[in-house]
1. What is the sum of charges around G115, taking Lys and Arg as +1, Asp and Glu as -1, for the other residues whose C-beta is under 11 Å from the C-beta of G115?
2. Among 151-157, 122-128, 161-167, 276-282, how do they line up by average Cβ neighbours within 10 Å per residue, starting with the highest?
3. Express the Stokes-Einstein translational diffusion coefficient of the range 206-245 in µm² s⁻¹, to the nearest whole number, given a Kirkwood radius over alpha-carbon pairs, 20 °C and a viscosity of 1.002 mPa s.
4. Once the cut-off is 20 Å, how many percent of the Cα-Cα pairs in the range 205-346 end up in the long-distance tail?
5. How large is ³J(HN,Hα) for each residue in the range 214-229, as worked out from phi by the Karplus curve 6.51 cos²θ - 1.76 cosθ + 1.60 (θ = phi - 60°), to whole Hz, x for Gly and Pro?
6. Name the shape class, rounded, prolate or oblate, that the alpha-carbon gyration tensor gives for the range 1-82, where a ≥ b ≥ c are the square roots of its eigenvalues, rounded holds for a/c under 1.5, and otherwise prolate holds if a/b is larger than b/c and oblate otherwise.
7. Could you tell me which residue out of V169, M154, Y55 lies farthest along the dipole of the chain toward its positive end? Charges go on the beta carbon: Lys and Arg +1, Asp and Glu -1, centred on the Cα centre.
8. According to the square roots a ≥ b ≥ c of the eigenvalues of the Cα gyration tensor, what is the shape class of the range 127-188, taking rounded for a/c under 1.5, prolate for a/b larger than b/c otherwise, and oblate for the remainder?
Amino acid sequence: MRVLLTGGAGYIGAHVAVALLARGHDVVILDNFSNSKRAVLERIERIAGRAMPSYAVDLVDLSATADVFEREAIDGVVHLAGLKAVGESVEQPFRYYRNNLIGTLHLLEAMQRFGVSVLVFSSSATVYGDVSAPPFTETMPTAPTNPYGRTKRMIEQMLEDIAESRADVSFIALRYFNPVGAHESGLIGEDPAGAPNNLMPYVAQVAVGRRERLYIFGDDYPTPDGTGVRDYIHVMDLAEGHVRALEFAAERRGYDVFNLGTGRGASVLEVVRTFEAVSGREIPYVFAPRRPGDVAVSYADPSKAERLLGWRATRDLAAMCRDAWRFQVRHPYGIDVGTAAKGERS
Ligand SMILES: NC(=O)c1ccc[n+]([C@@H]2O[C@H](COP(=O)([O-])OP(=O)(O)OC[C@H]3O[C@@H](n4cnc5c(N)ncnc54)[C@H](O)[C@@H]3O)[C@@H](O)[C@H]2O)c1
């Protein structure tokens, strides 16, 4: 298939591009580079050994988005473009609703105009909120607790409603748990601008000496060691899940939703200990108060994806830490950043 990959220069997008190309699909990347670097594109091509077209386009711009469909014969779309920081979404809800909802509406409009009917969308486990107990299954009630999570849930509902009203479309929402790690080449990985919002890149930056210590939010959760438990999934397992979902979507019609997780939770301290073991570095940490909105335990029931997509995560926590560490060692201050950024140490 010739696949339009929105957000393809981002962390997950770059890995999805590599997985699609490895499987023999053609990839066209659309990204506004608001949270990614253009240098990632050549790295994807280097890993894949193939070139791909890319467009610097903002999905909020409908005519620029439609132009991409005009120029490329697209068979299906993998839609990852979006803003994703929970805390930022609480401070700037308008920006999140505008970017994530309008961007998606424009993409759907362009798809309809050009007769493209297959879409895989990146949703999030955050849609489950804290009304149900893990393991989360796709049929459990959803109750996102912040504007970011609500944009994800609203988009799922949009997709479901449109699929209900039209016999020709095939839409799939993938609810990711906690993607971590990097491609084993060490050429692409999680490269956040500023202080990381997520655990693994923070741990990696402490290990490499870019930050002094890790702050662990909460040591009094009802978990075996008191720290929060999450379902970490290797980003290449996640990327391969997209390939399966896309191929599944191309064979059927309607709307469906799948968890992509391992089904196993790991605590913050377990991640720290595993990272120390694979990197040989000590990770100094201090405990800080719980963050509002954080749940104690979250992990997936991934059995639906295994049953219907024939997909299962295969890489363990040690592999996730090893691959994240390889990327960090190669790019201590990020892709294309020299040592001038060292003043950032905090
Ligand atoms: N990383 C996670 O932990 C996680 C978990 C669950 C879901 N997700 C979702 O997966 C998707 C990808 O996440 P990521 O971690 O790779 O984030 P990312 O920020 O690295 O990638 C998102 C990409 O989308 C681009 N983008 C944003 N708005 C755009 C717009 N209007 N038009 C064009 N491009 C735009 C950004 O420049 C970036 O390259 C996001 O939708 C995110 O919400 C991520």
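The values are calculated or read from the model by the stated rules, or taken from the named source; none is laboratory data. Values in this document were obtained by computation on a predicted structure and should not be read as measured data. Because the Cβ atoms are built from the backbone with ideal geometry, glycine has one as well, and the counts that use them run over all protein chains shown. To get the accessible areas, we keep the full protein, side chains included, count just its heavy atoms, and leave off ligands, DNA and RNA. Shrake-Rupley method; radii C 1.70, N 1.55, O 1.52, S 1.80 Å.
1. Details: positive: R113; negative: D75, D168.
Overall, the nearby charge balance is -1.
2. Values: 151-157: 20.6, 122-128: 24.3, 161-167: 12.6, 276-282: 14.3.
In descending order of packing, they fall as 122-128, 151-157, 276-282, 161-167.
3. On the way: Rh = 13.3 Å.
For these conditions, the coefficient is 162 µm²/s.
4. Numbers: 5908 of 10011 pairs.
So the portion of pairs separated by more than 20 Å is 59 percent.
5. Going residue by residue, I get 8, 9, 9, 8, x, 10, 10, 6, x, 10, x, 10, x, 9, x, 10 Hz, with x marking Gly and Pro.
6. Values: a/c = 1.82, a/b = 1.23, b/c = 1.47.
Oblate is the answer for the range 1-82, as a/c is 1.5 or above yet b/c matches or exceeds a/b.
7. Towards the positive end, the residue furthest out is Y55.
8. Details: a/c = 2.19, a/b = 1.28, b/c = 1.72.
Because a/c hits 1.5 or more and a/b fails to exceed b/c, the range 127-188 counts as oblate.
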